[in-house]
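Below is one structure, written out as structure tokens; the observations come after it.
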Amino acid sequence: MVRSLLVSTLIIFSCVIIESSILSNISFLLVVPDLVLICCIYFSLLNGKLYGEISGFISGLFLDFITGVPYGLNCIYRTITGYLFGLFSDTIIISGIVIPVFSVGIGTLSKKLLIFLISLVFPKLSLNVYGIISREFLFELCANIILAPIIFKFLSFFKQQLSIRDTKDMIDND
């Protein structure tokens, strides 16, 4: 489990750097696609709820330190998201196109809902909360949905290193 956590932490850190350094400086993007959320959903569906919580918390820590949001905001909703998707790790097969698109779409909607609920509980945080029927949210949802199968397929190349389960039956070529 330690080896897979180190590999997933390296992947998450790389995605955080790509999001904050490269994608945030592209002027035609309304909102940056959430590559870290897509990776956390993949890790949760692959390994279960405990691993999802850990990867969500680690990704939240990285994002909290790099971005200007209040500390703990990304940690709380990414930990909850990792746990919820980890509940389905035994029942969902993550290969193909439909499951990545559907799960990342649900994950993006739950991210928006959790940030909205946190902003209601802590109104003095002054979070930049845009509406669910705004251009920004729809752009982020579409970008995440389009990137989900690509990132899931890319991460499936590292399935043996990322999985904490027995990898004898994971050698297939999806």
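Go through (1) of a type outside the set (F, W, Y); (2) farther than 18 Å from L61 by Cα; (3) in contact (Cβ under 8 Å) with a residue 12 or more places away in the chain and name the single condition V2 misses.
(3)
Taking F116, is it outside any helix (DSSP H, G or I), open to solvent by 50 Å² or more (accessible area, probe 1.4 Å) and more than 20 Å from I164 (Cα to Cα)?
Criteria not met by F116.
So which pairs qualify, if the first residue must be in the range 87-111 and in contact (Cβ under 8 Å) with a residue 60 or more places away in the chain, the second must be among the acidic types (D, E) and outside any loop (DSSP other than H, G, I, E, B), the Cβ gap must be under 7 Å, and the two must be at least 6 apart or on different chains?
Within 7 Å, the pairs are T108/E140.
Without any contact (Cβ under 8 Å) to a residue 24 or more places away in the chain, under 12 Å from the mean Cα position of the chain (by Cα) and closer than 23 Å to V101 by Cα - does that describe any residue in the range 45-66?
Narrowing the range 45-66 to residues without any contact (Cβ under 8 Å) to a residue 24 or more places away in the chain: 60-61, 64-65.
Remaining after also requiring under 12 Å from the mean Cα position of the chain (by Cα): 60.
Checking which are closer than 23 Å to V101 by Cα leaves us with 60.
Within the range 45-66 (the criterion being without any contact (Cβ under 8 Å) to a residue 24 or more places away in the chain, under 12 Å from the mean Cα position of the chain (by Cα) and closer than 23 Å to V101 by Cα), the answer is yes, since at least one residue qualifies.
Please state which of the following conditions V7 fails to meet, knowing it meets all the rest: (1) within 19 Å of I118 (Cα to Cα); (2) open to solvent by less than 50 Å² (accessible area, probe 1.4 Å).
It is condition (1) that V7 fails.
If we keep just the residues of the range 76-107 that are of a type outside the set (A, V, I, L, M, F, W, C) and over 23 Å from L50 (Cβ atoms), which is surrounded by the most Cβ atoms within 10 Å (Cβ to Cβ)?
Residues of the range 76-107 of a type outside the set (A, V, I, L, M, F, W, C): 77-79, 81-83, 86, 89-91, 95-96, 100, 103, 105, 107.
If we keep only those that are over 23 Å from L50 (Cβ atoms) too, we end up with 96, 105.
Numbers: G96: 12, G105: 15.
Of everything passing the filter in the range 76-107, G105 is surrounded by the most Cβ atoms within 10 Å (Cβ to Cβ).
Can I41 be described as surrounded by fewer than 18 Cβ atoms within 10 Å (Cβ to Cβ) and in contact with a Ser or Thr (Cβ under 6 Å, 6 or more places away or on another chain)?
Values: surrounded by fewer than 18 Cβ atoms within 10 Å (Cβ to Cβ): no; in contact with a Ser or Thr (Cβ under 6 Å, 6 or more places away or on another chain): yes.
Criteria not met by I41.
Here's a check for you: in the range 121-173, which residue that is open to solvent by 90 Å² or more (accessible area, probe 1.4 Å) and among the acidic types (D, E) is modelled with the highest pLDDT?
D166
Could you list, in sequence order, the residues of the range 19-57 that are farther than 22 Å from D90 by Cβ and in contact with a Leu (Cβ under 6 Å, 6 or more places away or on another chain)?
Going through the range 19-57, the residues farther than 22 Å from D90 by Cβ turn out to be 19-36.
Hits for the range 19-57 are E19, V32, P33.
Identify all residues within the range 17-63 that are closer than 19 Å to Q160 by Cα and among the β-branched types (V, I, T); write none if there are none. Quick ask: steps written out before the conclusion?
Quick first cut of the range 17-63, residues closer than 19 Å to Q160 by Cα only: 38-52, 54-55.
The answer is I38, I41, I54.
The values are calculated or read from the model by the stated rules, or taken from the named source; none is laboratory data. For clarity, every value in this text was computed on a predicted model and none was experimentally measured. Every residue, glycine among them, receives a Cβ derived from its backbone with ideal geometry; neighbour counts consider all protein chains shown. Areas reflect the complete protein model, heavy atoms only, side chains present, ligands, DNA and RNA absent. Shrake-Rupley method; radii C 1.70, N 1.55, O 1.52, S 1.80 Å.
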